[in-house]
Amino acid sequence: VLLVVNTASQCGFTPQFKELESLYQKYKDQGLEIVGFPSNDFRQEYQSEAETASVCFKNFGVSFTMLSPSSVKGSAKNSFYKVLADRTGKEPNWNFNKYLISPDGKTVRHFDSGARPRNGALEKAVKALL
């Protein structure tokens with residue numbers, strides 16, 4: 001099960017890193033992987049990759065995979081996000097949109113920024129796929 005999240009270090013949703021890490025720790029041994037895609041598409045990410053990494057790893061203790069910053073919307077979006085948008089019909093409209101992908105890759109669900117990583121519909125969907 002893969003959870004993909006577009007992140008930003010200076011966003012009001014940035015505290016979700018803590019819940020994402022908690023979700024990861026709870027389910028990683030059962031097969032959950034989380035990948036963060038930092039993006040400045042909404043002008044809330046540091047220009048420096050080092051500053052972005054500092055927020056994720058030092059401030060929130062993130063141990064799941066974080067990639068280099070890239071675009072996640074519009075004509076400049078990275079190829080992975082192009083597939084996600086094509087499959088779900090939804091591009092991120094803000095930071096911390098989440099895409100949950102089944103192990104066989106056939107099911108891709110979109111969750112908006114306000115979907116909490118723990119104790120809600122997203123965690124329930126993760127558990128159902130594991």
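Among the residues of region 89-104, those identified as more than 16 Å from V35 (Cβ to Cβ) and of a type outside the set (G, A, S) are K90, E91, N93, W94, D104. Within region 104-130, the set of residues being aliphatic (A, V, I, L, M), touching a residue at least 24 places away in the same chain (Cβ under 8 Å) and not in a helix (DSSP H, G or I) comprises V108, L130. Looking at region 25-40, which of the residues that are open to solvent by less than 40 Å² (accessible area, probe 1.4 Å) and in contact with a Phe, Trp or Tyr (Cβ under 9 Å, 6 or more places away or on another chain) is farthest from V72 (Cα to Cα)? Here the answer is L32.
For V72, state whether it is closer than 20 Å to F111 by Cβ, in a loop (DSSP other than H, G, I, E, B) and open to solvent by less than 60 Å² (accessible area, probe 1.4 Å). Before the answer, list the steps.
On the way: closer than 20 Å to F111 by Cβ: yes; in a loop (DSSP other than H, G, I, E, B): yes; open to solvent by less than 60 Å² (accessible area, probe 1.4 Å): yes.
Yes: the conditions hold for V72.
The values are calculated or read from the model by the stated rules, or taken from the named source; none is laboratory data. This structure is a prediction, so every number in the text was calculated from the model and none was measured. Cβ: placed from backbone, ideal geometry, glycine included. Neighbour counts: every protein chain shown. With ligands, DNA and RNA removed, areas are computed over all heavy atoms of the protein, side chains included. Shrake-Rupley method; radii C 1.70, N 1.55, O 1.52, S 1.80 Å.
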